[in-house]
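Structure, as structure tokens:
Please treat every number below as a calculation from the coordinates, not as lab data. The shown structure was predicted, so the numbers you read here are calculated from the model rather than taken from an experiment. Methodologically, a virtual Cβ is constructed for each residue, glycine included, from the backbone with ideal geometry; neighbour enumeration extends over all protein chains shown.
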Amino acid sequence: VQLGQGVKGIIPLHHLFDKATGDENKQYRIQTKLKKYPVNSKMDAVRCLTIDSSTRKCVLTAKKALLTNNIDNPITSYNPNDIMLGTTYYGVVTQVSEKGVVVTFYNNVRGFVSAKQMAEELGVEDPKLNYRVGQIMKTRVTRANEKSSKLFLSLKINSQEEEK
């Protein structure tokens, strides 16, 4: 994607579609990408995830959930003053293991939901069976630690909480 003078953007395959799938659908997704987003075509809506000013490149997303949610106050740092604790935010699952799930927000800010917490809150026994890389995840921020670059998340969302 050409963004301006000398600035280029890339949309990774897992950021073209809201629904995450495994490798079994990779070929289908590549074919769909080529039809839906041919080279040098104009994109209607994308959002910048990260910027590398030294190479003048940015990583973009076309996931509808990320284009329509957290518009006014996205997570872009680990600074607790920038994040409203207890508020829900949307991110993308970037790692799933038996220990838990890593969710990535803008500017490569990553948060973690432990498997123990998932079991207690939602009854999820094995995160690898319930979550996939590329999946959109609605999370609630419980703690932020800027010094250690850690964001602690919960999947338990109360109906009274304001969505950002």
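Taking each of Lys63/Lys150; Lys99/Lys128; Lys128/Lys150 in turn, the alpha-carbon distance tops 20 angstrom for Lys63/Lys150; Lys128/Lys150. For segment 75-164, DSSP calls about 90 percent of its internal beta bridges antiparallel. In the calculated pair distance distribution of segment 89-163, what percentage of Cα-Cα distances lie above 21 Å? Beyond 21 Å sits 20 percent of the P(r) for segment 89-163.
Which whole-number percent is the relative contact order of segment 42-104 (Cα, under 8 Å, 6+ apart)? Value for segment 42-104: 20 percent. Assign unit charges at the C-beta atoms only (+1 for Lys and Arg, -1 for Asp and Glu), then state the dipole size of segment 97-164 relative to its Cα centre in Debye, rounded to the nearest 20. Charge dipole of segment 97-164: 280 debye, to the nearest 20.
The relative contact order of segment 53-153 comes to 30 percent, based on Cα pairs under 8 Å that sit 6 or more residues apart. The Rg/Rh ratio of segment 66-115, with both radii computed over alpha carbons and Rh defined as the Kirkwood radius, is 0.97. Segment 43-151 has equivalent-ellipsoid semi-axes of 24, 17, 13 Å, by the square roots of 5 times the alpha carbon gyration tensor eigenvalues, sorted largest first.
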